[in-house]
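The values are calculated or read from the model by the stated rules, or taken from the named source; none is laboratory data. Just so you know, these numbers come straight off a predicted model, no measurement behind them. Note that each Cβ is placed from the backbone with ideal geometry, even for glycine, and that neighbours are counted across all protein chains shown.
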Amino acid sequence: MRASNARLAWAAGIVLLAAAAAASSEAVGRSARRGFDPPPEFGGKRWAVVPDAAEAVRAWMAAGVHGRPLVVLTGRWGRPASPAQPALVVARPQSGDSPDLLDADSALFAAARLGVAREMHVAMPPAALALRLAEARGAKDARVGDGWASHPYHGYPRRFSSPAALRAPPDPALVLVEPSFLEAAGPAAIDAWLRDRGVIIDLGIVALDDPAASDAQRERARALAEALGAVAVEVEVER
Amino acid sequence: MTGAAPSRRRLVAGLVALTALGIAVRTVHLGDQPVTPDDADVGQTARNFVETGWPEPTMWNHPRLRDALVDASLDALGRGPWGLKAWSVLLGALTVPAAAWLAFLLTGSGGAAAILGLLLALDPLHVDFSRQAINDVYLGFFPVAAVAAAWRYRATRRTGWLVLAGALFGLGLASKWSALLPLAVTAAVLARDVARTRGSARERSAEVAFAASCLVVLPLAVYLATFLPWFGRGYGLTDWLGFQRSMAVETATHVGYAGTKRPGYAGELVGAWRWFVSPAWYVDRTLAADRGGEGAFLVGIGNPVTWLVVWPSLAYAGWCAWRRRDAAAAILAALFLASYLPLVATARPIWTNTALAVLPFAMALVAFAAARLGALRPRLVGAWLAAAVLAGALLWFPATGIRTAAGDRLAHALVPDDAFAPRPGEAP
């Protein structure tokens with residue numbers, strides 16, 4: 001009888017230990033989600049404007065946000081794919097990913113690697129999305145649907161879609177709008193459109209430039225930032 | 001070599017001596033051994049994962065114990081070869097006494113234990129991977145030590161042994177999922193024990209609950225804990241299950257990391273079925289290859305004198321199990337077959353590094369057969385053992401990147417020339 005009791009006590013202890021491990025994991029995850037606490041200069045707004053995606057990531061890091069979903073509205077993605085080797089869906093860093101070495105091409109990879117973003121939802125105009133979906137159809141890690149492709153690999157879920165198929169993240173998100181996304185659509189509608197899609201904006205950033213943007217798109221980005229009342233931010237980088 | 005049970009003191013002394021031999025052949029010249037691209041990537045991945053939970057640049061689809069260990073050794077020993085490889089050296093060397101102890105527990109034969117320890121201590125492929133940062137050699141230690149602990153529990157009924165077995169299986173699972181295979185055999189044996197127990201329903205229920213908590217719940221808890229840095233990226237348990245699913249999909253369909261393979265896997269040995277019927281090898285090109293000369297390649301070759309007698313040894317163990325009702329032979333055969341056959345049956349490519357998870361059980365069969373045969377034909381087995389030691393000694397040099405005429409000649413006789421040609425992304 002004593003031996004049975006000892007075994008049952010061990011079993012109960014191990015189950016409790018496992019439950020504690022599971023609860024701790026969940027708690028660690030939740031406590032790692034840190035949102036944006038707008039400073040007084042923002043006047044309660046949650047939009048900022050920066051020169052490009054690299055500055056956006058620096059701004060998020062300076063703001064201390066972490067473990068957030070990231071919504072990206074852009075008309076470009078990574079480097080062109082070669083027929084022999086499709087581009088990796090996680091963009092590789094072009095010039096390193098420490099905050100002082102970021103560029104517009106490596107920034108989103110850095111946001112993932114450094115834990116600023118825990119998942120990414122990318123909405124693209126039709127032509128850019130068509131390219132992305134064509135690449136996804138050849139990749140074994142991709143699930144491709146009507147107007148979207150999802151990539152769960154690397155412990156970092158990513159989803160690419162048309163604006164209409166954008167899926168709202170489960171909690172407040174970082175948002176990056178790049179000029180190449182801004183086609184003929186009225187820029188001022190983006191904030192309301194995101195809210196209509198169910199996206200809760202933690203800290204949105206308008207980038208004024210990206211490598212695929214035309215002059216007209218850069219002008220639209222400027223107008224969008226103005227219409228949103230986005231606060232111009234600059235992050236000092238030690239070089 | 002007669003199989004008579006040795007005194008406790010002699011057994012311990014033997015295990016210590018074999019461990020010392022295992023440590024020596026895994027550490028000599030280690031600081032000067034050129035690192036491989038895998039070594040460098042393992043170090044970077046360890047840093048990334050521990051600091052930010054990011055499981056890259058290499059092997060994102062495998063469990064994460066290695067990251068925590070290598071990060072700690074990089075802190076303690078610096079960013080050189082010792083910092084990268086200390087855990088492989090330690091766990092590779094500890095495989096020697098763990099496997100010898102298991103052989104003794106299963107067979108009661110000091111001879112089988114000594115032969116097994118010697119074969120593993122000197123096996124060139126095992127030595128090669130004990131001197132690299134990647135974690136395949138962990139699979140030689142954790143499951144073997146776990147099975148040994150579980151057998152101590154069966155013999156002594158002391159609960160601590162099965163708790164230890166569960167923790168070791170958890171560390172094995174957190175190294176690679178193939179630790180599930182010996183875990184399944186152990187669970188089946190314990191289930192059979194419970195079924196044969198004559199105790200009350202309460203006693204049997206307590207035994208089932210205890211065994212399940214040790215062999216299912218505890219390993220899962222240990223496994224989960226190694227993902228804590230990843231949870232620190234903001235994820236929850238539901239996300240983790242999704243991550244596990246994508247890891248499983250990639251691992252089940254893995255055909256090599258993008259851009260690292262030549263068409264048709266030219267220059268690589270692919271297919272687990274080949275391991276014990278023809279020379280088995282794994283060639284790594286080191287980062288020193290660009291400079292040419294010494295240390296350009298690490299050529300790990302399974303000792304052909306011992307690997308090529310695995311099937312006859314299995315046949316002998318099967319005969320003992322069938323005709324003599326020899327339980328030890330049956331368990332040894334079951335552990336080997338359960339660890340090995342799923343790899344043979346796998347449709348996707350299996351490389352020779354995976355053999356490290358099977359090797360202790362394969363060599364246990366060989367040692368079992370050699371110890372039994374040694375009682376009848378001591379000269380024959382002595383000559384075979386001497387040949388095995390000689391081959392292991394000669395092949396130690398190519399496994400460590402040291403050029404010698406005899407070692408190079410033997411390595412080139414066993415490994416095809418195209419294994420030394422550059423792979424994509426490597427300098428010619």
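Return the residue satisfying two criteria in turn: it lies in the range A:140-172 and is part of a strand (DSSP E or B) and within 18 Å of the chain's Cα centre (by Cα), and of such residues it is surrounded by the fewest Cβ atoms within 10 Å (Cβ to Cβ).
So, considering only residues that are part of a strand (DSSP E or B) and within 18 Å of the chain's Cα centre (by Cα), the one surrounded by the fewest Cβ atoms within 10 Å (Cβ to Cβ) is A:Ser150.
Could you list, in sequence order, all residues of the range B:241-267 that are in a helix (DSSP H, G or I) and at the interface with chain A (Cβ under 7 Å from one of its Cβ atoms)?
To start, the set of residues in the range B:241-267 that are in a helix (DSSP H, G or I) comprises B:241-253, B:263-265.
The answer is B:Gly242, B:Phe243, B:Ser246, B:Glu250, B:Thr253.
So how many residues does the range B:50-96 have that are at negative phi and within 14 Å of chain A (Cβ to nearest Cβ)?
Total satisfying the criteria: 14.
Return only the number of the condition from (1) modelled with pLDDT of 95 or more; (2) farther than 21 Å from B:Ala103 by Cα that B:Gly382 does not satisfy.
(2)
For the range B:79-113: of the residues being among the polar types (S, T, N, Q) and part of a helix (DSSP H, G or I), which is farthest from B:Ala370 (Cα to Cα)?
Per the stated criteria, the residue is B:Ser88.
Yes/no matrix, rows are residues, columns are (1) in contact with a Leu (Cβ under 6 Å, 6 or more places away or on another chain); (2) not in a helix (DSSP H, G or I):
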position	(1), (2)
A:Asn5	no, no
A:Leu8	no, no
A:Gly13	no, no
A:Leu16	no, no
A:Ala21	yes, no
A:Gly29	no, no
A:Trp77	no, yes
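Just name the residue that is nearest to B:Pro143 (Cα to Cα) out of those in the range B:300-328 that are touching a residue at least 60 places away in the same chain (Cβ under 8 Å) and over 17 Å from the mean Cα position of the chain (by Cα).
Looking at residues that are touching a residue at least 60 places away in the same chain (Cβ under 8 Å) and over 17 Å from the mean Cα position of the chain (by Cα), I get B:Ala328.
Yes or no, residue by residue, for (1) at pLDDT 95 or above; (2) surrounded by fewer than 18 Cβ atoms within 10 Å (Cβ to Cβ); (3) more than 8 Å from chain B (Cβ to nearest Cβ); (4) more than 25 Å from the chain's Cα centre (by Cα):
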position	(1), (2), (3), (4)
A:Asn5	no, yes, no, yes
A:Ala9	yes, yes, yes, yes
A:Leu16	yes, yes, yes, yes
A:Ser25	yes, no, no, no
A:Gly29	yes, no, no, no
A:Gly43	no, yes, yes, no
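Show the residue pairs that are 6+ apart or on different chains and have beta-carbon atoms under 6 Å apart, the first residue being within the range A:130-154 and of a type in the set (D, E, K, R), the second being assigned to a loop (DSSP other than H, G, I, E, B).
A:Arg132/A:Trp77; A:Glu135/A:Ala81; A:Glu135/A:Pro86
Could you grab me the full set of residues in the range B:188-203 that are assigned to a helix (DSSP H, G or I) and more than 9 Å from chain A (Cβ to nearest Cβ)?
Across the range B:188-203, the qualifying residues are B:Ala188, B:Val189, B:Leu190, B:Ala191, B:Arg192, B:Asp193, B:Val194, B:Ala195, B:Arg196, B:Ala201.
Here is a list: B:Ala315, B:Ala375, B:Ala347. Which entry is in a loop (DSSP other than H, G, I, E, B) and surrounded by fewer than 18 Cβ atoms within 10 Å (Cβ to Cβ)?
Answer to the selection: B:Ala347.
Please verify whether B:Ala387 is surrounded by 18 or more Cβ atoms within 10 Å (Cβ to Cβ) and at pLDDT 95 or above, treating the condition exactly as stated.
Judged against the criteria, B:Ala387 is not a match.
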